[in-house]
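Student: Take a look at the following structure, please.
The values are calculated or read from the model by the stated rules, or taken from the named source; none is laboratory data. All figures in this text were calculated on a predicted structure; none of them were measured in a lab. In this analysis, Cβ positions are derived from the backbone assuming ideal geometry, glycine residues included, and neighbour counts consider all displayed protein chains. When the accessible area is computed, the model is the full protein with side chains, heavy atoms only, and any ligands, DNA or RNA have been set aside. Shrake-Rupley method; radii C 1.70, N 1.55, O 1.52, S 1.80 Å.
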Amino acid sequence: MDKSFSRALGAGVVTPVVAALTAVAVELAVMGDLPDPVATHWGVNGPDGFAAAWTVPLMTALTAGVLPLVLGASAARAIRKGERGFTLRLLPAVAAGLSVFLGGLLAGTLVIQRGLDAAEGAPDVLPVLLVALPAGAVVGAVAWFAQPRETAARIDAAVAAAPLPLAPGERAVWLGRAEMTPWALAFIVLATLAAWTGAALMWLAGDTAAAAIITGVAVLLSVLAATFTVAHVRIDATGLTVTSGARLVRMRVPAEDIVSVAAIEVHGLAQYGGYGIRQIPGATAVVLRPGLAIEVTRRSGRRFVVTVDDADTAASLLAAAGEAAHAAQD
């Protein structure tokens with residue numbers, strides 16, 4: 001097994017699973033000694049949010065288990081396919097540290113309430129935080145340094161696409177659809193459903209403050225999922241147009257602004273730090289999956305990249321549109 005992959009798997013997948021299961025086991029072990037309801041939120045004057053005790057193990061599984069696991073598994077999968085880079089080393093470390101911090105924090109809030117008659121008398125949660133936070137930071141740092149230090153693979157210069165030959169007066173339109181891979185989409189759907197489940201549980205438990213926050217997160221995830229998991233791509237004589245799935249975002253590269261077009265291979269995590277609409281120095285990218293993409297170099301020198309199937313044909317037609325626009329200006 002490749003060392004980079006095995007270390008990322010251990011940090012980003014095994015550690016969250018172990019941390020979440022350990023935290024849930026501790027919570028279940030003290031369940032019989034807890035008040036009903038338990039304190040779930042502390043303000044400056046002590047506990048100010050309460051919920052049924054059983055909601056805490058569930059929230060631990062979701063936040064200390066599922067969320068970090070999504071981060072770590074995404075990176076491990078990319079590393080197994082040969083991708084390398086800073087982000088792919090960072091994500092497993094964040095997953096490991098986050099799982100330990102959240103698991104320790106949530107389990108600790110129940111442990112300090114053992115033997116209480118009422119949750120209103122729960123002690124200050126600050127000591128738990130002062131243990132969980134450094135523990136998560138240490139585990140995250142160990143996970144970071146345990147992984148090999150590798151730089152992203154060198155990307156060869158893109159070869160400009162030859163313009164698609166068109167007869168005088170002939171018009172052509174290319175329509176494409178960019179979408180995330182099934183596994184990435186499944187992760188997003190799972191995270192969104194988890195957020196909505198957590199929100200529903202908090203509303204049922206009567207913890208209004210926590211319910212409102214988690215509902216806001218669930219709404220945000222739903223909007224992001226509808227907006228950034230699918231993009232519609234159109235190429236015609238006017239240039240390139242990319243529209244997000246929910247039609248909330250629209251990006252254009254006019255034909256007269258095109259210097260060159262190429263079909264390239266992209267890896268979102270390694271090259272752009274993730275998937276979706278990405279901004280990095282020198283480039284804007286709509287990267288919804290690894291694989292083929294169109295790369296447009298604009299007059300400013302900035303690049304625009306969008307992943308599509310049949311990128312060679314799309315790039316040739318877009319190059320022809322740019323060539324025709326420049327000829328019309330001369």
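Student: Considering each of GLU256, GLU295 in turn, give the residue that is buried (at least 17 other Cβ atoms within 10 Å of the Cβ) and modelled with pLDDT of 90 or more. Before you say what the answer is, go through the steps one by one.
Tutor: Numbers: GLU256 fails: buried (at least 17 other Cβ atoms within 10 Å of the Cβ).
Going through GLU256, GLU295 in turn, just one is buried (at least 17 other Cβ atoms within 10 Å of the Cβ) and modelled with pLDDT of 90 or more: GLU295.
Student: While we're looking at this one, here's another question. Of all residues in region 1-58 being among the hydrophobic types (A, V, I, L, M, F, W, C) and part of a loop (DSSP other than H, G, I, E, B), which is farthest from the chain's Cα centre (by Cα)? Step through it out loud before you land on a result.
Tutor: From region 1-58, those among the hydrophobic types (A, V, I, L, M, F, W, C) are 1, 5, 8-9, 11, 13-14, 17-21, 23-26, 28-31, 34, 38-39, 42, 44, 50-54, 56, 58; that's our starting set.
With the extra rule that they be part of a loop (DSSP other than H, G, I, E, B), the set shrinks to 1, 30, 34, 44, 52-54.
Numbers: MET1: 26, VAL30: 34, LEU34: 36, VAL44: 33, ALA52: 31, ALA53: 30, TRP54: 29 Å.
Selected residue: LEU34.
Student: Can you pull out the residues in region 109-125 that are surrounded by 19 or more Cβ atoms within 10 Å (Cβ to Cβ) and of a type outside the set (A, V, I, L, M)?
Tutor: Answer for region 109-125, where residues must be surrounded by 19 or more Cβ atoms within 10 Å (Cβ to Cβ) and of a type outside the set (A, V, I, L, M): THR109, GLN113.
Student: Only one of ALA178, ALA200, ALA186 is open to solvent by less than 30 Å² (accessible area, probe 1.4 Å) and not in a loop (DSSP other than H, G, I, E, B); which? Spell out the reasoning first.
Tutor: Working: ALA200 fails: open to solvent by less than 30 Å² (accessible area, probe 1.4 Å); ALA186 fails: open to solvent by less than 30 Å² (accessible area, probe 1.4 Å).
The match here is ALA178.
Student: Hey, another quick one. In this structure, does ALA319 turn out to be surrounded by 21 or more Cβ atoms within 10 Å (Cβ to Cβ), at pLDDT below 95 and assigned to a strand (DSSP E or B)? If you could, list the steps in order and put the result at the bottom.
Tutor: Details: surrounded by 21 or more Cβ atoms within 10 Å (Cβ to Cβ): yes; at pLDDT below 95: yes; assigned to a strand (DSSP E or B): no.
When the stated conditions are applied, ALA319 does not pass them.
Student: Is it the case, given these coordinates, that PRO35 is crowded, with 21+ Cβ neighbours inside 10 Å and of a type outside the set (A, V, I, L, M, F, W, C)?
Tutor: No.
Student: Would you confirm, using the coordinates I've provided, whether PHE5 is modelled with pLDDT under 90 and open to solvent by 30 Å² or more (accessible area, probe 1.4 Å)?
Tutor: Here the answer is no, as PHE5 does not meet what is asked.
Student: Another one. Just one of (1) without any contact (Cβ under 8 Å) to a residue 40 or more places away in the chain; (2) part of a helix (DSSP H, G or I); (3) under 20 Å from LEU175 (Cβ atoms) trips up ALA293, so point out which.
Tutor: (2)
Student: Now a separate question. Do you know which residues across region 204-221 are surrounded by fewer than 15 Cβ atoms within 10 Å (Cβ to Cβ) and either part of a helix (DSSP H, G or I) or modelled with pLDDT of 80 or more (or both)? Before the answer, list the steps.
Tutor: Step one: filter region 204-221 for residues surrounded by fewer than 15 Cβ atoms within 10 Å (Cβ to Cβ), giving 204, 206, 208-209, 212, 216, 219-220.
LEU204, THR208, ALA209, ALA212, GLY216, VAL219, LEU220 - these are the residues of region 204-221 that are surrounded by fewer than 15 Cβ atoms within 10 Å (Cβ to Cβ) and either part of a helix (DSSP H, G or I) or modelled with pLDDT of 80 or more (or both).
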